Amino acid sequence: MGRSRVRQHVNPLTDKYQQVFQMPDWSDLFADLTAPLHLDIGCARGRFILEMAQRFPERNFVGVEIREPLVDDANEIRDQLGLKNLHYVFANINTSLQVLLDSLPTETLTWITIQFPDPWFKKKHHKRRVVQPDLVDILAKHTPQKLVLFCQSDVEEVALEMREKFLEHEKFILTHDSFWLKENIFPVPTEREVATANKGEPVYRFLLHKK
Ligand SMILES: C[S@@+](CC[C@H](N)C(=O)[O-])C[C@H]1O[C@@H](n2cnc3c(N)ncnc32)[C@H](O)[C@@H]1O
């Protein structure tokens, strides 16, 4: 199974990534377009949804990733396994979320995960972070009620910023009383989550519902 050498970080604001990316015809890819849908934003090699898709064959999974070689490798692995409920899309989510949602049967959209997004530590680079007001706004307007949105990061400042940006929008409400969610709600950890746990470092998580 392929494992491409790829750049560790891609600046989503460079010209190359400003296009609106093309979306596939989902009826060619999914056996059942009416199945509950899970969208994983910034999926990297996509191992989290690869495992989830096998454990939950009655759900559909879409991963979005800006590093194209990772997407190609992940779709190749999907094909080798013959999975008909999983697809990886090469796109900059910050230019292409709307077109992605327009292409999907959004009434089936049940879970969105944003896990360990690139932290872009320098203040002048914060605008490269994935959770921006436009993304929150599009999700608020174009996803179904009761959508579950799960975010986690090993960088507290990044988790705090995401939390704040979503909670600033009246459509998103926290589902827990504690400031951070204690446990992951999914039975499968992401690659970054495993690496963080192996270092014994904390993870900052929160869970939202859409009103
Ligand atoms: C640190 S990795 C985390 C990967 C995985 N979610 C995990 O937890 O192991 C963040 C991923 O988001 C991708 N990414 C960053 N900005 C993006 C954007 N605007 N659109 C799509 N993917 C993006 C990066 O290329 C990278 O693969």
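A few points about this structure:
- Residue tally, condition surrounded by fewer than 20 Cβ atoms within 10 Å (Cβ to Cβ) and more than 15 Å from the ligand (Cβ to nearest atom), over segment 48-74: 6
- Restricting attention to segment 22-42, the residues being within 15 Å of the ligand (Cβ to nearest atom) and farther than 16 Å from TRP111 by Cβ number 2.
- Those residues of segment 64-123 which are of a type outside the set (A, V, I, L, M) and in contact with a Cys (Cβ under 6 Å, 6 or more places away or on another chain), in sequence order: GLU65
- Test for LEU86: is it buried (at least 20 other Cβ atoms within 10 Å of the Cβ) and under 22 Å from ILE185 (Cα atoms): yes
- Some residue of segment 4-13 being at pLDDT below 95, touching a Leu at 6+ places or on another chain (Cβ under 9 Å) and among the polar types (S, T, N, Q): yes
- Residue satisfying condition, being closer than 20 Å to PHE61 by Cβ and buried (at least 20 other Cβ atoms within 10 Å of the Cβ), within set LEU101, LEU81, LEU109: LEU109
- Residue check for LEU39: within 21 Å of PHE116 (Cβ to Cβ) and not in a loop (DSSP other than H, G, I, E, B): yes
- Count of segment 84-97 residues which are over 17 Å from the mean Cα position of the chain (by Cα) and either among the β-branched types (Val, Ile, Thr) or farther than 16 Å from PRO57 by Cβ (or both): 0
The values are calculated or read from the model by the stated rules, or taken from the named source; none is laboratory data. Please read all numbers here as calculations on a predicted model, not as lab measurements. In this analysis, Cβ positions are derived from the backbone assuming ideal geometry, glycine residues included, and neighbour counts consider all displayed protein chains.
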